[in-house]
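**Student:** Before I ask anything, here is the structure I am working with.
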Amino acid sequence: MSFFGMGNNNQAVNPQNIAMAEQEVEMMSDIFNRIVRSCQEKCINNKYHEADLTKGESVCIDRCVAKYFEVNQKLSEHMQKRGEARGGM
Amino acid sequence: MSFFGMGNNNQAVNPQNIAMAEQEVEMMSDIFNRIVRSCQEKCINNKYHEADLTKGESVCIDRCVAKYFEVNQKLSEHMQKRGEARGGM
Amino acid sequence: MSFFGMGNNNQAVNPQNIAMAEQEVEMMSDIFNRIVRSCQEKCINNKYHEADLTKGESVCIDRCVAKYFEVNQKLSEHMQKRGEARGGM
Amino acid sequence: MERLNAKEQEALGQVLEAKQLKEYLRMYSTLTQNCFKDCVQDFTTNKLSKKEGECIIKCAEKFLKHSERVGQRFAEFNAKQMSS
Amino acid sequence: MERLNAKEQEALGQVLEAKQLKEYLRMYSTLTQNCFKDCVQDFTTNKLSKKEGECIIKCAEKFLKHSERVGQRFAEFNAKQMSS
Amino acid sequence: MERLNAKEQEALGQVLEAKQLKEYLRMYSTLTQNCFKDCVQDFTTNKLSKKEGECIIKCAEKFLKHSERVGQRFAEFNAKQMSS
């Protein structure tokens, strides 16, 4: 490939890099969808009296997202500690 | 491609056509599965006194499918209007 | 194939074999995940008073898994009979 | 779909056959999970009771008939859409 | 992401574009299913009532605004994570 | 599985390793979502309370032990199936 690329081979496409970046994007999108679902359950009144978010709903969403991230962080640390205690993943 | 195909190139397989048709089938199957689930919740008594659909359940299913399609249509139009108002998807 | 393989043909990689084994693993993992979810709903108190499984929860899980497999078996037989009665899947 | 040529339709057919098997297996797993949820409530024993077993079969039959009926309405609707 | 070279970023861009379309369709299907569930309760007729139709639109609007707001908080959080 | 030759088993091993990582991440995301749902109810503040934090850890531990126990019963059952 360096033969054809003639020096710009650092511009070759490594499919593994693409696959890894793709997986990263997929994971972010999975988390995002789960937060949307979770915070909808917690904050949105399903009577739909109006099309806009109420003040209460908006504030609830902001706090809900923050708390979801905190839970995520807390569990990530917990899983790591747990994995180390068992000596492995 | 016409060079290699020599006249029968309208019979060459274009992978993109397959992929698009595949995605179309996947979308149909996704909608179908969602209707099955939604109308089961709305119409089927989960006590299962008998193996057959009752008259009431059958009628409910027919109306439920019709209403689901109407909702789908209504929202498709709404999303399009919304997209246009914002100048793009 | 034994003609071309000349002795070591039993060591060639057949992608279809891999794909089939992969699908088998996927199916097992899908069933496992459904049992985890189902038996969690049936057996685990979602108040989380303690981090360990109680004696009652543990016994419930064992019975739940056994019953899930029995249901799976029963339905597999039922579907087969149903398929035969209709002359094909 | 009618945009595909004969060879493409053949190739698509093979792809769809694999998909159909997968869909069937998924439907079967969902059926099992749903009927387990609705019919099995007693965990004082590890064997299905007669009543639970009957409920499972009725549940499966009802679900399959439900799916078929939805499928019929679905097909009619799509046919109407195509022709309009 | 910053580990990718220009050509790889271009290749990734094409992959993501297809993914984005899929995500949009999935979101739209979920929206439809949820609003149907919350707004349509009457099966004595096969036409949406005026009230059901209004509920559907409000539900969709609220869900979209909810998603957008979650998206903003999500982006802020990721930006903060990157810079720390 | 025993139908696969050594090279195929090796190839399968690589495929499964990637799958296993994906499964682990999926399990972790589900865990997070479930424990968030069951433990976090108060949105008058944007910080977890001490009680919520403790609930999250207990919930995670219980879920992991539950999964392990189901895994044991699952493996036993499959071993029995194979030998019969």
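The values are calculated or read from the model by the stated rules, or taken from the named source; none is laboratory data. On a predicted model such as this, the values are computed, not experimentally measured, just so you know. A quick note on method: Cβ atoms are made from the backbone with ideal geometry, for glycine too, and the neighbour counts reach across all protein chains shown. Quick note on the areas: whole protein, heavy atoms, side chains included, nothing else; ligands and nucleic acids left out. Shrake-Rupley method; radii C 1.70, N 1.55, O 1.52, S 1.80 Å.
**Student:** All other residues with a Cβ under 9 Å from the Cβ of residue E:19 taken together, and with Lys, Arg as +1 and Asp, Glu as -1, what is their net charge? Mind showing how you got there, number by number?
**Tutor:** Numbers: positive: E:22; negative: A:22, A:26, E:17, E:23.
Neighbour charge sum, excluding residue E:19 itself: -3.
**Student:** Here's another thing I want to ask about it. What gaps in nm, shortest first, separate residue D:28 from its twins in the other copies when you place the label 7 Å past Cα toward the beta carbon?
**Tutor:** 3.3, 3.4
**Student:** Excluding ligands and nucleic acids, what accessible area in Å² is computed for residue B:78 using a 1.4 Å probe, to the nearest 10?
**Tutor:** Looks like 30 Å² after rounding.
**Student:** Is there a pair in A:42/D:51; B:67/F:22; D:62/E:47; A:67/B:47; B:42/F:62 whose C-alpha atoms are over 30 Å apart, and which pairs would that be?
**Tutor:** Numbers: A:42/D:51 38 Å; B:67/F:22 38 Å; D:62/E:47 25 Å; A:67/B:47 39 Å; B:42/F:62 34 Å.
Cα-Cα > 30 Å for A:42/D:51; B:67/F:22; A:67/B:47; B:42/F:62; rest within.
**Student:** Let me ask you something else. Would you mind computing, in nm to one decimal, how far apart the modelled labels at residue D:9 and residue E:54 are, each placed 7 Å from Cα along Cα→Cβ?
**Tutor:** Reported label-point gap for residue D:9 and residue E:54 is 5.0 nm.
**Student:** Could you work out how far apart the two model spin labels at residue D:44 and residue A:78 are, taking each label as a point 7 Å from the Cα in the direction of the beta carbon, and quote it in nm?
**Tutor:** 3.4
**Student:** On to the next question. Set the Förster radius R0 to 45 Å, insert the Cβ-Cβ distance between residue F:78 and residue E:16 as r into 1/(1 + (r/R0)^6), and round the FRET efficiency to 0.05.
**Tutor:** Rounded to the nearest 0.05, the efficiency is 0.70.
**Student:** What is the dipole size for chain B, taken about its Cα centre, with +1 at each Lys and Arg Cβ and -1 at each Asp and Glu Cβ, in debye to the nearest 20?
**Tutor:** I would put it at about 400 debye.
**Student:** Next question. How much net charge surrounds residue A:74 when only other residues with a Cβ under 14 Å from its Cβ are counted (Lys, Arg +1; Asp, Glu -1)?
**Tutor:** On the way: positive: A:67, A:81, A:82, F:47, F:50, F:51, F:58; negative: A:70, A:77, F:52, F:54, F:61.
Combined, the nearby Lys, Arg, Asp and Glu give +2.
**Student:** While we're looking at this one, here's another question. Name the most mobile residue of C:50, C:22, C:70, meaning the one with the largest mean-square fluctuation, in a Gaussian network model of chain C with Cα contacts below 10 Å.
**Tutor:** C:50
**Student:** Let me ask another. In nm to one decimal, list the spacings between the residue E:54 label point and its equivalents in the other copies, with label points set 7 Å along Cα to Cβ, shortest first.
**Tutor:** Listed shortest first, these distances are 4.8, 4.8 nm.
**Student:** Residue A:29 label points, 7 Å along Cα→Cβ, one per copy: pairwise distances from this copy to the rest in nm, shortest first?
**Tutor:** 1.9, 1.9
**Student:** How far, in whole Å, is the closest Cβ of chain E from the axis that maps E onto D, and which residue does it belong to?
**Tutor:** Taking Cβ atoms only, the nearest residue and its distance are E:26, 9.
**Student:** Provide the net charge surrounding residue C:11, with neighbours chosen by a C-beta distance below 13 Å and charges set as Lys +1, Arg +1, Asp -1, Glu -1.
**Tutor:** Result for the local shell: -1.
**Student:** Pop out the ³J(HN,Hα) list for the stretch D:67-83 in order, Karplus 6.51 cos²θ - 1.76 cosθ + 1.60 with θ = phi - 60°, rounded to Hz; leave Gly and Pro as x.
**Tutor:** Along the stretch D:67-83, the couplings run 4, 4, 5, 4, x, 5, 4, 4, 5, 4, 4, 5, 4, 5, 4, 4, 7 Hz.
**Student:** With a 1.4 Å probe on protein heavy atoms only, work out how much accessible surface D and B bury together, total over both chains, in Å² to the nearest 100.
**Tutor:** Chains D and B together bury approximately 3300 Å².
**Student:** What residue of chain B has the nearest C-beta to the axis that moves B onto A, and what is that distance in Å, given as a whole number?
**Tutor:** B:37, 9
**Student:** Treat each spin label as a single point 7 Å out from the Cα along the C-beta direction, and report the residue B:24 to residue A:58 distance in nm.
**Tutor:** It is 4.4 nm.
**Student:** If you place +1 on the Cβ of every Lys and Arg and -1 on the Cβ of every Asp and Glu, how big does the dipole about the Cα centre of the protein assembly as shown come out, in debye to the nearest 20?
**Tutor:** With only Lys, Arg, Asp and Glu charged at Cβ, the dipole is about 1540 debye.
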